[in-house]
Amino acid sequence: MMRPSLVLCCALLGLAPAACGGSVDPDPGVDRSDSTMVDLDHLAITVSGHAELFPEAARLLEAQGRPAPSLDGLSLTLEEPLRVGVSDADSVLGQSAIGSAGEFSVPEVPVRDIHMSLAARFEHEGFVRSSTVVFDTVFTRTRPRTDIIGARVWALPTSFHDALTRAVGESWIRAHTNDRARTLREAGFILGRVVDASGAPVAGARVVLDRGDLAHRVYYPAPDFLSSTQDATSATGLFLYVHSGAAAETFSLSIQGSKDYQARNAGAAAGMGLVLTLYPGNTPP
């Protein structure tokens, strides 16, 4: 039985009944070329893909002449971000170790426990606790019913988080959190990347939220990560949302002036980051 807090969140997010109940249609936003239909009676899928350093983090480390940390043997956890946000004890849906080439596979993921989206959490020493969205009901208005393959999960080294914090500025983070936090990790944040249909970053994109009271929390880091603006994405296509450091909040975000990018579900909570890629259409590049 769904918990009352989850029923409320589903209603607030405007999810169709199928998104909070049984599956109905296949998922246009997910690569299904090599996947198989799941057992609908048990509603369990396998989620597989690759984990790697966030692209801009890898480039920054290379520019600094620093070695990239290895992910080999580290674990990642599949979770439902909405359930995490309401402190649901059953938010964890599966775990897997990362292979030498970055590959991972998590079997028997219970579909019934996915309400808004499915994310892979990466939390290890030397990295910031972060989750990457690998499935979003915004594209289907329902839960997945086939295996998810080719998922990409991003790891954020602590040094990259520190560069992003400097780009926004401690004074602004303190202002946004009523002095509760001095870093993005303490405040909670969303790191987004706007890309085109080929996966290349898009410059000049402006991210808008469905909540005007939160619009002033969006920043666009400069390519050198020494500063940021609140105008539009740079050549990196990156944007940051700075959370309040208090209770979790949910909202949707979209690209101003573009009908090709669907509005996406998002949420932020203190102590962690959410990694989100915005792309045109329904299928990830």
Exercise. Rank by packing, highest mean first: peptides 64-76, 199-211, with packing defined as the count of other Cβ atoms within 10 Å averaged across residues.
Key: 199-211, 64-76
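For the range 95-154, build the convex hull from the C-alpha positions and give me its volume per residue in Å³.
Values: hull volume 6.2 nm³, N = 60.
In the range 95-154, the Cα convex hull volume per residue is 103 Å³.
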Quiz prompt | Within the range 77-182, trypsin sites (Lys or Arg not before Pro) in DSSP loop having at most 16 other beta-carbon neighbours inside 10 Å | solution = 129, 141, 180, 182
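For the range 228-285, how big is Rg over Rh, using alpha carbon atoms and the Kirkwood form of Rh?
Numbers: Rg = 12.7 Å, Rh = 13.1 Å.
Radius of gyration over Kirkwood radius for the range 228-285 works out to 0.97.
Coordinate-derived values only; no laboratory data. It should be emphasised that the depicted structure is a prediction, and the values quoted were computed from it without experimental measurement. Positions of Cβ are generated from backbone atoms using ideal geometry, with glycine treated the same way; all protein chains shown enter the neighbour counts.
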